[in-house]
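Working notes for the structure below.
The values are calculated or read from the model by the stated rules, or taken from the named source; none is laboratory data. All values derive from a computational prediction rather than experimental measurement. Every residue, glycine among them, receives a Cβ derived from its backbone with ideal geometry; neighbour counts consider all protein chains shown. Accessible surface is based on the protein model in full, side chains and every heavy atom, while ligands, DNA and RNA are left aside. Shrake-Rupley method; radii C 1.70, N 1.55, O 1.52, S 1.80 Å.
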Amino acid sequence: MAAPLLLWALLFPWACGGGSRTWQHCTDLHPLDILAELLPAGGPARGLRVVQARGLLGLQLRAPRPRALAFPASRLFLHCDRFPEEFSLIVTLRVLSIPTERNEYIFTLMAEEGPGVLLGLRYSPSKLHFLFWSPERAGGWQNRVTFRNVSLADSRWHTLVLAVSGHSFSLAVDCGPPRDVVLETPFPTSLSVKSASFYLGSRRRRKGSFTGLLRQLVLLPGADATPRICTAVDFKAATLSVPAVLQDVPTKPASNEVLKYPHGADMKVTLGSRPPCTRQEKAQFWFNTSRRGLYLCDGSAWISVLEVKQRLDYVEEYQDLVTNSETMGVEVFTIPRVGLFAATANRHSPPGSAIYKWTNGKFVPYQNIPTYQAQSWKYFTIGKKIFLAVANFEQNDRGQEFSVIYKWSRRKEKFVTYQRITTHSARDWEAFVIEGEAFLAVVNHRKGNNHNIDSVIYRWNPRTGLFETNQTIPTSGAYDWEFFAIGPYSFLAVANTFNGTSTKIYSHIYIWLSGSFQLFQSILTFGAADWEVFHIGDRVFLAVANSHSYDSGMPAPSNFYAINSSIYELNVTAQMFVKFQDLLTYSALDWEFFSVGDDSFLVVANSFDGFTFSVDSIIYRWQGYEGFVVAHRLPTVGCRDWEAFNTTEGSYLLYSSAKEPLSKVLKLKTT
């Protein structure tokens with residue numbers, strides 16, 4: 001909403017007339033905190049409970065009757081009884097999963113006598129609806145503005161800013177790009193709120209009552225609130241006005257400070273192995289005796305409250321994992337209520353590739369899947385559906401070339417074929433979600449001898465239950481996709497390896513704008529095989545693994561494979577990634593970032609030094625001003641891929657070998 005709107009609001013504030021009264025503000029122009037009206041100074045009112053989730057406090061609505069969470073509109077509209085014709089609504093909420101057909105109300109403004117809902121907000125699993133009454137039409141009329149593909153039911157905090165002016169309705173979710181709707185019927189210029197009441201979390205009846213958490217509900221007359229609140233680092237927790245009782249966030253105590261605990265919570269501490277953390281265990285404690293740590297359940301995950309910080313001491317061999325053949329990639333994933341798995345992408349077919357299950361502290365064979373020189377696996381979910389996609393590099397026995405998406409069968413407890421997609425020497429899959437829509441991107445390496453071909457981004461069609469082509473992007477012998485998000489912006493980086501004559505070529509970073517990926521930045525790379533994005537504090541880094549330097553038109557270097565791989569850091573001011581550090585690597589094929597306690601690490605997959613495949617891969621430790629420094633040297637053979645994972649027994653690294661049918665699990669020993 002443009003600056004003239006704010007100027008108009010300041011110079012000609014909306015008002016109401018009638019009789020001999022002069023125009024007056026119906027409210028002040030400062031933010032009007034709707035939640036605060038239901039919170040007395042001493043704490044929450046009856047029917048409200050303050051609970052903590054994901055580091056923030058919010059209100060849980062537990063009133064037996066909707067009228068217990070209502071107050072007259074006259075408490076906000078002090079001077080007259082008309083709703084502003086231009087305004088913003090700011091909502092910070094956490095929504096749990098809800099059934100597909102269910103709608104829940106965030107709030108309503110209800111006439112005690114008359115048409116019913118004068119104004120309100122409600123949501124469904126993928127839509128947000130703004131409701132308002134139009135008294136200008138004969139007899140009045142209920143209008144609904146629908147914003148589609150708004151996914152709130154993910155148990156995370158989200159901040160919504162709805163700006164209204166005349167025919168224009170604009171919604172920003174987590175300070176992302178605004179979604180604009182222009183309605184034929186404008187918001188009324190004279191919506192009477194006389195004898196009306198605000199209802200929190202309902203429309204004056206139990207059906208459709210709000211089941212999540214509310215942290216912020218603010219009305220800002222006369223202005224678009226987006227520029228005022230979208231300045232925080234955590235956009236999902238951006239605030240304009242939060243009641244005082246919700247500002248006291250439970251945190252880790254500083255020195256001997258007493259732990260601040262959510263209001264109204266029942267204290268319970270569980271000892272022993274990790275218990276489940278669901279809504280039933282929310283606000284309960286677990287003491288991990290092995291790690292001497294105290295954890296708080298936020299309804300979905302255990303959050304560390306007090307813990308003896310671990311430090312990496314050394315790395316030891318833990319398990320020799322015999323594989324079907326040489327392994328090009330490995331994917332570690334957890335299927336809820338089933339267990340931890342590792343999928344290896346094996347070179348030869350038969351016997352194809354294998355899936356292993358973590359059983360009694362070891363990976364054991366679980367399922368074999370036919371593949372054709374598989375390069376990598378990608379695990380992802382869409383709603384309750386669980387998928388595993390393989391990138392096949394070669395044709396099958398019938399001369400067909402495709403990669404396959406497998407779906408987890410809960411009945412068989414196996415992965416079964418779901419969708420085949422034509423690919424060209426596929427190297428990698430990347431799965432991601434943007435604005436509630438699921439995508440899957442494949443890296444096509446070459447077609448015949450042509451390395452300059454399109455890679456493809458597919459979009460999930462919920463009606464057909466299939467992935468369909470959404471966008472193609474030109475790539476050159478590409479090896480890897482890496483998706484990441486920074487604030488409201490989504491990025492996709494491609495590692496271009498070879499254009500037919502040289503490995504000294506540009507790899508590209510794309511940004512999602514207006515429904516497609518557009519070029520954001522190009523970075524010169526040397527046979528790039530992998531991108532790895534990671535965060536240290538508020539800093540964002542992007543590491544590239546350079547595999548070799550070759551140019552048919554240039555003299556051969558002394559060693560094609562001893563080459564720097566680089567780490568780039570996001571420069572917010574310049575709006576680009578700038579080089580932060582070079583590290584000497586030997587035909588690097590993968591980076592993996594992991595943490596132990598408060599320490600951050602990068603491990604590189606060195607595969608070949610020009611003479612032998614028996615090359616040390618290196619763990620680098622983050623040393624702040626010094627950048628990353630060598631911490632441990634790990635003997636590996638043709639190392640292709642690293643995966644870090646954790647179990648209740650400890651932290652591990654798994655590496656795959658592209659030169660022998662043996663991968664290794666290493667255990668991180670801590671002090």
(message) Consider segment 381-403. How many of its residues are part of a strand (DSSP E or B), within 14 Å of residue 419 (Cα to Cα) and open to solvent by 20 Å² or more (accessible area, probe 1.4 Å)?
(response) 2
(request) Have a look at 221, 227 and point out the one that is surrounded by fewer than 21 Cβ atoms within 10 Å (Cβ to Cβ), farther than 14 Å from residue 105 by Cβ and either modelled with pLDDT under 90 or of a type in the set (Gly, Ala, Ser) (or both). (result) 227
(message) Checking residue 534 against (1) in contact (Cβ under 8 Å) with a residue 40 or more places away in the chain; (2) within 30 Å of residue 148 (Cα to Cα); (3) among the aromatic types (Phe, Trp, Tyr): exactly one of these is not met. Which one?
(response) (2)
(message) Within segment 336-367, take every residue that is in contact with a Leu (Cβ under 9 Å, 6 or more places away or on another chain) and among the small types (Gly, Ala, Ser) and give me the one that is farthest from residue 404 (Cα to Cα).
(response) 342
(request) Name the residue, out of 262, 276, that is modelled with pLDDT under 55 and not assigned by the TED database to the domain that holds residue 160. (result) 262
(message) The conditions are (1) over 24 Å from residue 373 (Cβ atoms); (2) without any contact (Cβ under 8 Å) to a residue 24 or more places away in the chain, and residue 398 fails exactly one of them. Which is it?
(response) (1)
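Residue-by-condition table, conditions (1) in a loop (DSSP other than H, G, I, E, B); (2) among the charged types (D, E, K, R); (3) within 27 Å of the chain's Cα centre (by Cα):
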{"residue": "68", "(1), (2), (3)": "no, no, no"}
{"residue": "96", "(1), (2), (3)": "yes, no, yes"}
{"residue": "106", "(1), (2), (3)": "no, no, yes"}
{"residue": "128", "(1), (2), (3)": "no, no, yes"}
{"residue": "133", "(1), (2), (3)": "no, no, no"}
{"residue": "153", "(1), (2), (3)": "yes, no, yes"}
(message) Being farther than 17 Å from residue 628 by Cβ and either open to solvent by 70 Å² or more (accessible area, probe 1.4 Å) or not hydroxyl-bearing (Ser, Thr, Tyr) (or both): is that true of residue 589 here?
(response) yes
(message) Take the residues in segment 404-417 that are assigned to a strand (DSSP E or B) and not polar (S, T, N, Q); name whichever of them is surrounded by the most Cβ atoms within 10 Å (Cβ to Cβ).
(response) 415
(message) Here are the criteria: (1) buried (at least 18 other Cβ atoms within 10 Å of the Cβ); (2) at pLDDT below 75; (3) at positive phi. Tell me which single one residue 237 does not satisfy.
(response) (3)
(message) Here is a check on your reading of the model: is residue 622 open to solvent by less than 10 Å² (accessible area, probe 1.4 Å), at pLDDT 95 or above and aromatic (Phe, Trp, Tyr)?
(response) no
(message) Yes or no: segment 307-314 includes at least one residue that is open to solvent by less than 30 Å² (accessible area, probe 1.4 Å), touching a Cys at 6+ places or on another chain (Cβ under 6 Å) and at pLDDT 85 or above.
(response) no
(request) May I ask you to verify whether residue 541 is in contact (Cβ under 8 Å) with a residue 40 or more places away in the chain, in contact with a Phe, Trp or Tyr (Cβ under 7 Å, 6 or more places away or on another chain) and in the same structural domain as residue 610 (by the TED database)? (result) no
(message) Let me spell it out: the conditions are (1) of a type in the set (A, V, I, L, M); (2) modelled with pLDDT under 95; (3) surrounded by 21 or more Cβ atoms within 10 Å (Cβ to Cβ), and residue 543 meets all of them except one. Which number is the exception?
(response) (2)
(request) With the condition kept exactly as written, say whether any residue in segment 160-172 is modelled with pLDDT under 85 and either in the same structural domain as residue 302 (by the TED database) or crowded, with 19+ Cβ neighbours inside 10 Å (or both). (result) no
(message) Any residue that is open to solvent by 40 Å² or more (accessible area, probe 1.4 Å), assigned by the TED database to the domain that holds residue 146, in contact (Cβ under 8 Å) with a residue 24 or more places away in the chain and not in a loop (DSSP other than H, G, I, E, B) - is there at least one of those in segment 192-214?
(response) yes
(request) Would you check which residues across segment 638-665 are among the aliphatic types (A, V, I, L, M) and surrounded by 17 or more Cβ atoms within 10 Å (Cβ to Cβ) and list them? (result) 644, 653, 654, 658, 665
(message) For a quick check of your reading of the model, give me the residue pairs whose first member lies in segment 583-605 and is at pLDDT below 95, whose second is surrounded by 21 or more Cβ atoms within 10 Å (Cβ to Cβ) and not aromatic (Phe, Trp, Tyr), with beta-carbon atoms closer than 9 Å and at least 6 apart or on different chains.
(response) 596/668
(message) Against the conditions (1) open to solvent by less than 10 Å² (accessible area, probe 1.4 Å); (2) touching a residue at least 40 places away in the same chain (Cβ under 8 Å), where does residue 565 fall short? Just the number, please.
(response) (2)
(request) Kindly provide the set of residues from segment 629-671 that are in contact with an Asp or Glu (Cβ under 8 Å, 6 or more places away or on another chain), among the charged types (D, E, K, R) and touching a residue at least 60 places away in the same chain (Cβ under 8 Å), ordered by number. (result) 640, 641, 643, 659, 660, 664, 667, 669
